[in-house]
1. Between a residue in the stretch 206-232 that is closer than 18 Å to A180 by Cβ and any residue that is assigned to a loop (DSSP other than H, G, I, E, B), which pairs come within a Cβ distance under 7 Å, given they are 6 or more apart or on different chains?
2. Of L55, L102, L62, L76, which residue is over 23 Å from G164 (Cβ atoms) and either assigned to a strand (DSSP E or B) or not aromatic (F, W, Y) (or both)?
3. Which members of the stretch 105-135 meet the condition of being of a type in the set (G, A, S), more than 20 Å from the chain's Cα centre (by Cα) and assigned to a helix (DSSP H, G or I)?
4. Tell me whether the stretch 185-193 contains one or more residues that are surrounded by 19 or more Cβ atoms within 10 Å (Cβ to Cβ), over 17 Å from F128 (Cβ atoms), modelled with pLDDT under 95 and not basic (K, R).
5. Would you confirm, using the coordinates I've provided, whether E146 is in a helix (DSSP H, G or I) and not basic (K, R)?
6. Can you say whether F128 is modelled with pLDDT of 95 or more, within 26 Å of D65 (Cα to Cα) and of a type outside the set (V, I, T), as far as the supplied structure shows?
7. Among what's in the stretch 100-157 and is touching a helix residue (DSSP H, G or I) at 6+ places or on another chain (Cβ under 8 Å) and of a type in the set (D, E), pick the residue that is nearest to L170 (Cα to Cα).
8. Would you mention how many residues in the stretch 29-58 are touching a residue at least 40 places away in the same chain (Cβ under 8 Å), of a type in the set (A, V, I, L, M, F, W, C) and either surrounded by fewer than 15 Cβ atoms within 10 Å (Cβ to Cβ) or over 13 Å from L212 (Cβ atoms) (or both)?
Amino acid sequence: MSIIFPSSHCFSCNKNIPVYYNIPLLSYFLLKGKCFFCRSEFPSRYAFVELISGLFTIITYLIFDFSHAFFIYSILTYLLIAVTFVDIDHFIIPNGFIIFGLLVLFFGLFGNFLSINWEESMSGSFVFAGFLFSIGLIGQFILKKESIGFGDVKLGLILGGFLGVEYSVLALYLSFAISALVVIIFLNRSFKKGNNKIPFGPYLAAGTLISLFTIDPQGGNYILNWYYRTMF
């Protein structure tokens, strides 16, 4: 489906949804999560995605104010939301997402809309993607099967380009920490049954967004500042 000329429609009756029935969150609850025409139920995920998109936009605005960086990082946030749910459903990160993310990154760097320069951006991409690629090779050698998909590595190129080296390290640490926590708490039963395939894109997205959303007004990072004060 086109994202250039989108056409919101019901997947049951295939009728286009008018703008006045397509207001984020409000329309979902007014229509009780059902299509106005055929009364088929829409997944609650629609409302959830609209909710977190709105919340993340507000957080991004509070951090970057009404600036060029606000628009660039908002697009990155929406991209990561899409990556998360597509990867959960299909265990894949489409190349279209990667290309779009690279275009947004290049636009931000060319326009000096980001707080990092080209050198820092390229270094961040090398660190983020290189680490994931190395872990994937080691995991494949030990486990004799793919441990980290190449889609995650390509996503790492984009994320590292936005974050730079220091924030890439933080995002990677958070991504692996969150994934380990989720596996221990929620997926232990699935692993016992032999269903040990999990999408890693959502954790990379979570680690990246936490790194961005913990930027302080002085341009530092609350987590890194706490770490430096504690360890040094």
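The values are calculated or read from the model by the stated rules, or taken from the named source; none is laboratory data. Treat the numbers as computed from the prediction; the structure is a model and nothing was measured. Glycine also receives a Cβ, built like all others from the backbone with ideal geometry; neighbour counts cover every protein chain displayed.
1. Correct list of pairs: I223/T214.
2. Exactly one of L55, L102, L62, L76 is over 23 Å from G164 (Cβ atoms) and either assigned to a strand (DSSP E or B) or not aromatic (F, W, Y) (or both), namely L55.
3. Taking the stretch 105-135 as the starting set, the residues that turn out to be of a type in the set (G, A, S) are 108, 111, 115, 121, 123-125, 129-130, 134.
Right, trim to more than 20 Å from the chain's Cα centre (by Cα) and you get 111, 123, 134.
S123, S134 - these are the residues of the stretch 105-135 that are of a type in the set (G, A, S), more than 20 Å from the chain's Cα centre (by Cα) and assigned to a helix (DSSP H, G or I).
4. No, that holds for no residue.
5. Working: in a helix (DSSP H, G or I): no; not basic (K, R): yes.
So E146 does not fit the description; no.
6. Details: modelled with pLDDT of 95 or more: yes; within 26 Å of D65 (Cα to Cα): no; of a type outside the set (V, I, T): yes.
The answer is no for F128.
7. The residue in question is E120.
8. Number of matching residues: 0.
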